[in-house]
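*Asks:* Please read through the structure below; I'll follow up with questions.
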Amino acid sequence: MPPLHRKIFFVFSLLIIAPNLWAQNTADSVAVEVPEIITKAFKSKYPTGKINIWLLSADHYEARFSMQDKITMAEFEKNGNWVYSETELTVDDVPVKSLDYIRDKYPGYEITFVTREENPYDKLLITRIEKENDAFDLVFDLKGNFLNQEGLEE
């Protein structure tokens, strides 16, 4: 299979199996009943979110849900305070300014993964780019301004 076809196959496979993977417990989290303070905080922040599963780790509750046809994860402290969220996006969601920056500064690289990460202080767009055996993440603000480059952990 040519490289592009493998990537397309991988993305479609991921889209099909992701909800099933999300429905499983992780090693450091377990599926749980959620206190009302947490469910109220969730509904306030994500009124249209449809929960797939709630997990509890040592210090927070994690909601894995879908909203506006996007897969999202959000963390809440045990007192109900929202801490962090991450939403899977597509290349179509990347601002033109970011796409132009990538094309100009990283010719031949391909965007393979996009997420929007939010916390109470920041909203960021993370784009993973790859070329042959080289891959890293580029961080942009939501307007498309480049902020920094992050290496990938091996």
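*Asks:* Exactly one condition in (1) more than 21 Å from V32 (Cβ to Cβ); (2) surrounded by 12 or more Cβ atoms within 10 Å (Cβ to Cβ); (3) of a type outside the set (S, T, N, Q) is false for D104; which is it?
*Replies:* Result: D104 fails condition (2) only.
*Asks:* Only one of (1) surrounded by fewer than 17 Cβ atoms within 10 Å (Cβ to Cβ); (2) within 30 Å of D134 (Cα to Cα); (3) touching a Pro at 6+ places or on another chain (Cβ under 9 Å) fails for N81. Which number is that?
*Replies:* If we test N81 against (1) surrounded by fewer than 17 Cβ atoms within 10 Å (Cβ to Cβ); (2) within 30 Å of D134 (Cα to Cα); (3) touching a Pro at 6+ places or on another chain (Cβ under 9 Å), just (2) comes out false.
*Asks:* Hey, can you tell me all the residues within the range 83-138 that are under 13 Å from the mean Cα position of the chain (by Cα) and among the aromatic types (F, W, Y)?
*Replies:* Across the range 83-138, the qualifying residues are Y84, F113.
*Asks:* Please enumerate the residues belonging to the range 36-48 that are touching a residue at least 24 places away in the same chain (Cβ under 8 Å) and of a type outside the set (V, I, T).
*Replies:* Step one: filter the range 36-48 for residues touching a residue at least 24 places away in the same chain (Cβ under 8 Å), giving 37-38, 40-42, 45-46.
Result: K40, A41, F42, K45, Y46.
*Asks:* Then there's this: Just to check your reading of the model, which residue among G151, G144 is in contact with a Pro (Cβ under 8 Å, 6 or more places away or on another chain) and among the small types (G, A, S)?
*Replies:* When all the criteria are applied, what remains is G144.
*Asks:* Which residues, counting only those in the range 67-78, are modelled with pLDDT under 95 and of a type in the set (S, T, N, Q)?
*Replies:* Across the range 67-78, the qualifying residue is only Q68.
*Asks:* Take A135 and decide whether it is under 30 Å from P47 (Cβ atoms), without any contact (Cβ under 8 Å) to a residue 60 or more places away in the chain and in contact with a Ser or Thr (Cβ under 9 Å, 6 or more places away or on another chain). Outline the logic, then answer.
*Replies:* Details: under 30 Å from P47 (Cβ atoms): no; without any contact (Cβ under 8 Å) to a residue 60 or more places away in the chain: yes; in contact with a Ser or Thr (Cβ under 9 Å, 6 or more places away or on another chain): yes.
Taking the combined requirement at face value, the residue does not satisfy it.
The values are calculated or read from the model by the stated rules, or taken from the named source; none is laboratory data. Quantities reported herein were computed from a predicted structural model and do not represent experimental measurements. FYI the Cβ positions are ideal-geometry reconstructions off the backbone, even for glycines, and counts take in every protein chain you see.
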